[in-house]
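Notes to accompany the following structure.
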Amino acid sequence: MANDTYALPAPLQRTVASWHAAFMSGDAGALRPLLAEGAVYYSPGVFSPVIGRDAALTVLGAVWNQLGNFTAGRTFVAGPSDVCLEFGAAFRKSPLKGVSLLRMAEDGLITEMEVMLRPVPTLMRLAEVVGSAIGPTLLDLKLKP
């Protein structure tokens, strides 16, 4: 993959490279050092944001455990702290295509991420499986002071 993040400051370039490595390996736990403590995650499967590193990792881990055939696509830089990462994956043999929108702080920590996926029927099946698996855990994390 070409270095298409050259317009970003070096710490942010390292974050994007680490994100790609974690994604391609399917290891959501490798994202822990990349996420700010108060990171906000906007999931395509639920309307309300998931706030906090632990809550975001819970959701991402559950989702990534359901996916396979990870592929990285294009990377778009949108200013000094924002990137769009295109990706593909499969859920139960159904292909998914999506983008992750990342906003990062100067130190490279991800402060906000929003994921969009298609097609909708596959997204809804994935959201149902993930929700069943982590619903109570996620609720506890959301209610944590």
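Quick check on M113: is it under 12 Å from the mean Cα position of the chain (by Cα), within 18 Å of L12 (Cβ to Cβ) and in contact (Cβ under 8 Å) with a residue 24 or more places away in the chain?
On the way: under 12 Å from the mean Cα position of the chain (by Cα): yes; within 18 Å of L12 (Cβ to Cβ): yes; in contact (Cβ under 8 Å) with a residue 24 or more places away in the chain: yes.
Criteria met by M113.
Taking R74 as meeting all but one of (1) free of Cβ contacts under 8 Å to residues at least 60 places away in the same chain; (2) of a type in the set (D, E, K, R); (3) in a strand (DSSP E or B), write down the number of the exception.
Answer for R74: the failing condition is (1).
Taking V59 as the residue in question, decide whether it is buried (at least 16 other Cβ atoms within 10 Å of the Cβ), at pLDDT below 95 and within 11 Å of the chain's Cα centre (by Cα). First the steps, then the outcome.
Numbers: buried (at least 16 other Cβ atoms within 10 Å of the Cβ): yes; at pLDDT below 95: yes; within 11 Å of the chain's Cα centre (by Cα): yes.
Considered against the rule, which asks whether it is buried (at least 16 other Cβ atoms within 10 Å of the Cβ), at pLDDT below 95 and within 11 Å of the chain's Cα centre (by Cα), V59 comes out as yes.
Suppose we filter A55, A62 for residues that are of a type in the set (A, V, I, L, M, F, W, C), part of a helix (DSSP H, G or I), touching a residue at least 24 places away in the same chain (Cβ under 8 Å) and touching a Leu at 6+ places or on another chain (Cβ under 6 Å); which single one remains?
Details: A62 fails: touching a Leu at 6+ places or on another chain (Cβ under 6 Å).
It is A55.
Among the residues of the stretch 91-100, write down those that are over 17 Å from Q13 (Cβ atoms) and in a strand (DSSP E or B).
Step one: of the stretch 91-100, the residues over 17 Å from Q13 (Cβ atoms) are 91-99.
F91, S94, P95, L96, K97, G98, V99, listed by residue number.
Please go through the stretch 67-126 and give me each residue that is over 23 Å from V50 (Cβ atoms) and surrounded by 17 or more Cβ atoms within 10 Å (Cβ to Cβ), ordered by number.
Scanning the stretch 67-126 gives T75, V77.
Count, please, the residues in the stretch 110-135 that happen to be within 25 Å of P33 (Cα to Cα) and not small (G, A, S).
Summing the residues that are within 25 Å of P33 (Cα to Cα) and not small (G, A, S) in the stretch 110-135 gives 10.
Could you pull out the residue among A39, A7 that is surrounded by fewer than 18 Cβ atoms within 10 Å (Cβ to Cβ) and of a type in the set (A, V, I, L, M)? Explain how you work it out, then say what you get.
Details: A39 fails: surrounded by fewer than 18 Cβ atoms within 10 Å (Cβ to Cβ).
Just one listed residue meets the conditions, A7.
The values are calculated or read from the model by the stated rules, or taken from the named source; none is laboratory data. Every value quoted in this text rests on a predicted model; they were computed, and no experiment measured them. Every residue, glycine among them, receives a Cβ derived from its backbone with ideal geometry; neighbour counts consider all protein chains shown.
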